[in-house]
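The values are calculated or read from the model by the stated rules, or taken from the named source; none is laboratory data. Predicted, not measured: the structure shown is a model, and the values here were computed from it. When we count neighbours, we look across all protein chains shown, and the Cβ atoms used for this are built from the backbone with ideal geometry, even at glycine. Just so you know, the surface numbers come from the protein's heavy atoms only, side chains and all, with ligands and any DNA or RNA stripped out. Shrake-Rupley method; radii C 1.70, N 1.55, O 1.52, S 1.80 Å.
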Amino acid sequence: MTRSATGAGVDLRIGPALVVPVTSAPFLGWVEVTGGEIVHVGPEPTAGPATQTYDAAGRIVIPAFVNTHCHTSQQLGRGLADDVDLLTWLHKRIWPYEVALDERDSEISALACAVEQIRNGCTLVADPGGRHVDGMARGLATAGIRALLGRSTMDDGEGRPPADRESTAVALARQDELASRWHGAADGRLRFSYTLRTLFNVSDELITATVERARTLGTVAQMHVAEIPEENAYARATRGTSTVRHLDRLGALGPDLLAVHAVWVDDEEIGLLAERGCPVSHNAASNLKILGTPRIADMVDAGVVVGLGTDGAPSNNRMSVIDEMWLASIVQKGLRRDPTALPAAAVLRMATIDGARALGLGHLVGSLEPGKRADLVVIDPRTPNFATAADPVSALVTALKSENVESVLCDGEFLLRHRVLTRVDEAEVLAEAAARAAAVRERAGLVF
Ligand SMILES: [Zn+2]
């Protein structure tokens, strides 16, 4: 499994480790990287010299995790909305918080969020949209991770903050302008993604135009879909059918639209998602906290591409795909009362290659294969929670914790090396994030 057999040498050689490519069987061996690309994956290293060698004896090398739903601008709002219902959460807590954020807050929020993602082995996030995209983009570019960036977009409906009210044409034009600025920025790590908040707040004209633009740009559009039963009731009242059926009728349901949450869908709608190739972002923790539990194992069985997501700090509190893997697995087993539902291998795929496919980036990242970008994680299993595991691959889902994440590469660059962040002073970032979080709470009148 070598891309070039020239023997000319490689930039980085990692091994000997248990290599888990995800798309093929695990084996003991090596991963080699040149120019940010995986050039060799195999039981023996290539013959040429390596500029750098990473001694990974006793370690596990896996593709970096993909977080398909990550509100990076909500990182300063952690704990702002515990134990409240969805509409209180949104109207009384999140919207005031978002209106109070300035551009520098958004930058530090995104940076602090990215630091948490890196510590949890994740190098690609899909952000469903904030207000200060320039700030978010700068924070993410500083951190060095990949991201689909979006601008929170609403052109219709009741209850929106005055600052968020804009026409369909303005909502689209502002996104076009951001796309021209950020799509492909930071050496291609940043991509723009058109977004739709929820059916409550978007017109049909905006839905259709958004998906068209995403197709043209070659990224997915992101939309919160079928979050609560009331949303389907609203869809029936205003559009004559449920959210998923209505999106299909508009021609919006397909590989270019990431359906986030998809909690309240019936058998026919699961069939539609599968048939149209419309991917789903599953957010096990925030769903359980606020929305309900979707039939994810049934969706996977039906052939829907499902990725995992953390959602935002106020709706989950734990921003870790590692935690989401464990929760997704155990909740589906309980929901079906079937311990064979959603086995570890399927969940690991959701957290890696299927997440990448859900974001339209399965050709680029999500597995360890020659030709893909070198986004990978070195796992140190020598901790009390992991060391005795019978099956280390299964344990990646059932036992893994953030403390097992030893090193993280994105695009061939170490963002975490032997548990130290390489690009930023972590203590400084977290101190500024905490101070800004307190100031935002004060400005938004969210002091409890
Ligand atoms: Zn969301």
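The residue of region 179-190 that is least open to solvent (accessible area, probe 1.4 Å), among those that are more than 13 Å from Gly144 (Cα to Cα) and in contact (Cβ under 8 Å) with a residue 12 or more places away in the chain, is Ala179. Scanning region 185-221 for residues that are assigned to a loop (DSSP other than H, G, I, E, B) and out of contact with any strand residue (DSSP E or B) (no Cβ under 8 Å at 6 or more places or on another chain), we see that the one that is nearest to Ala235 (Cα to Cα) is Ser203. Of the set (1) farther than 22 Å from Gly355 by Cα; (2) open to solvent by 10 Å² or more (accessible area, probe 1.4 Å), all apply to Gly77 but (2).
Look at (1) modelled with pLDDT of 95 or more; (2) more than 25 Å from Gly254 (Cβ to Cβ); (3) surrounded by 20 or more Cβ atoms within 10 Å (Cβ to Cβ) and you find that Asn316 fails only one, number (1). I'd like to know if region 143-154 contains one or more residues that are surrounded by 24 or more Cβ atoms within 10 Å (Cβ to Cβ) and assigned to a helix (DSSP H, G or I). There is at least one residue in region 143-154 that is surrounded by 24 or more Cβ atoms within 10 Å (Cβ to Cβ) and assigned to a helix (DSSP H, G or I).
Residue count for region 275-285 under the criterion of being within 14 Å of the ligand (Cβ to nearest atom) and either open to solvent by 10 Å² or more (accessible area, probe 1.4 Å) or under 18 Å from Ser242 (Cβ atoms) (or both): the result is 2.
Leu272 falls short of the stated requirement of being at pLDDT 95 or above, assigned to a strand (DSSP E or B) and either buried (at least 16 other Cβ atoms within 10 Å of the Cβ) or at positive phi (or both). Taking region 299-315 as the range and being without any contact (Cβ under 8 Å) to a residue 60 or more places away in the chain and under 17 Å from Ala351 (Cα atoms) as the test, the residues that pass are Met299, Val300, Asp301, Gly303, Val304, Val305, Val306. Within region 228-269, the set of residues being crowded, with 19+ Cβ neighbours inside 10 Å, away from the ligand (no atom under 16 Å from the Cβ), over 22 Å from the mean Cα position of the chain (by Cα) and of a type outside the set (S, T, N, Q) comprises Ala235, Arg245, His246, Leu247, Asp248, Glu269.
Residues are listed down the side, and each one gets a yes or a no for (1) of a type in the set (A, V, I, L, M); (2) surrounded by fewer than 18 Cβ atoms within 10 Å (Cβ to Cβ); (3) touching an Asp or Glu at 6+ places or on another chain (Cβ under 6 Å):
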residue: Ser24; (1), (2), (3): no, yes, no
residue: His40; (1), (2), (3): no, no, yes
residue: Thr53; (1), (2), (3): no, yes, no
residue: Gly58; (1), (2), (3): no, yes, no
residue: Pro63; (1), (2), (3): no, no, no
residue: His91; (1), (2), (3): no, yes, no
residue: Leu101; (1), (2), (3): yes, no, no
residue: Ser109; (1), (2), (3): no, no, no
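Within region 286-345, being part of a helix (DSSP H, G or I), within 16 Å of the ligand (Cβ to nearest atom) and out of contact with any Cys (no Cβ under 6 Å at 6 or more places or on another chain) holds for Ser286, Asn287, Leu288, Lys289, Ile290, Leu291, Glu324. If you go through region 94-126 and keep only what is closer than 20 Å to Leu421 by Cβ and among the acidic types (Asp, Glu), you end up with Glu107, Glu116.
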